[in-house]
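Participant: Pasting a structure here, questions to come.
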Amino acid sequence: MSEQAPVDGDKEWPTDGEVVDHIDLVMPLRRALDHHYELVRKENVGDTPYDGYNIGKEDRAQSHSPSERLSAGILAEAEDNDSRRDPATEIISLAVQLGAEQGRRLEAQDEI
């Protein structure tokens, strides 16, 4: 795959290795999703079934597990406190956290 110049809007990572805020990773993905789909939210569906991996211990220090974050109670509380945190955004946020954990694990393998 040939390397291409970034299209308008692509941001370069900080050159000093600085960590980017989680929301700055999540919201562009959410906007892209909204651009292509008309998401119609189902009401009163209860807890979201989740049978995937847990997020890493670093993220669990600051965040609920995926099963907890996708429970009806936590989702309702999140929306009441922050209008950006609807179920679709939470799912994207979890994907970012799972990707970070996978990256940590790949990096650890390289060190072995």
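Quick note: the coordinates plus some simple rules give every number you see, no bench work behind them. Quick caveat: nothing in here was measured; it's all calculated off a predicted structure. Positions of Cβ are generated from backbone atoms using ideal geometry, with glycine treated the same way; all protein chains shown enter the neighbour counts.
Participant: With the condition kept exactly as written, say whether any residue in the stretch 36-48 is of a type outside the set (D, E) and not in a loop (DSSP other than H, G, I, E, B).
Facilitator: Among the residues of the stretch 36-48, at least one is of a type outside the set (D, E) and not in a loop (DSSP other than H, G, I, E, B), which makes the answer yes.
Participant: As an exercise: evaluate A61 against (1) free of Cβ contacts under 8 Å to residues at least 60 places away in the same chain; (2) out of contact with any Pro (no Cβ under 8 Å at 6 or more places or on another chain); (3) aliphatic (A, V, I, L, M); (4) under 25 Å from D34 (Cβ atoms) and give the number of the one condition it does not meet.
Facilitator: The number of the failed condition is (4).
Participant: Tally up the residues in the stretch 63-85 that are part of a loop (DSSP other than H, G, I, E, B) and either closer than 22 Å to P28 by Cα or of a type in the set (K, R) (or both), please.
Facilitator: 6
Participant: Only one residue in T15, T48, T89 is among the β-branched types (V, I, T) and touching a Lys or Arg at 6+ places or on another chain (Cβ under 7 Å), so which one is that?
Facilitator: Answer to the selection: T89.
Participant: When the residues of the stretch 54-112 are narrowed to those that are touching a helix residue (DSSP H, G or I) at 6+ places or on another chain (Cβ under 6 Å) and of a type in the set (S, T, Y), which ends up surrounded by the most Cβ atoms within 10 Å (Cβ to Cβ)?
Facilitator: Applying the filter and picking the extreme gives S93.
Participant: Can I ask one more? Quick one: would you say Y50 is over 14 Å from the mean Cα position of the chain (by Cα), surrounded by 13 or more Cβ atoms within 10 Å (Cβ to Cβ) and of a type in the set (F, W, Y)?
Facilitator: Criteria met by Y50.
Participant: Give me the pairs, please: first residue somewhere in the stretch 15-36 and under 17 Å from Q62 (Cα atoms), second residue anywhere and assigned to a helix (DSSP H, G or I) and of a type in the set (A, V, I, L, M), beta-carbon distance under 6 Å, and either six or more positions apart or on two chains.
Facilitator: L25/V96; V26/I92; V26/V96
Participant: Scan the stretch 66-91 and report the pairs whose first residue is polar (S, T, N, Q) and whose second residue is in a loop (DSSP other than H, G, I, E, B), with Cβ atoms within less than 6 Å and a gap of 6+ or a chain change.
Facilitator: From residues that are polar (S, T, N, Q), the pairs are S67/Y50; S71/D47.
Participant: Now, a different point. Please verify whether the stretch 79-94 includes one or more residues that are closer than 21 Å to L33 by Cβ, of a type in the set (D, E) and over 15 Å from the mean Cα position of the chain (by Cα).
Facilitator: Yes, the stretch 79-94 has at least one match.
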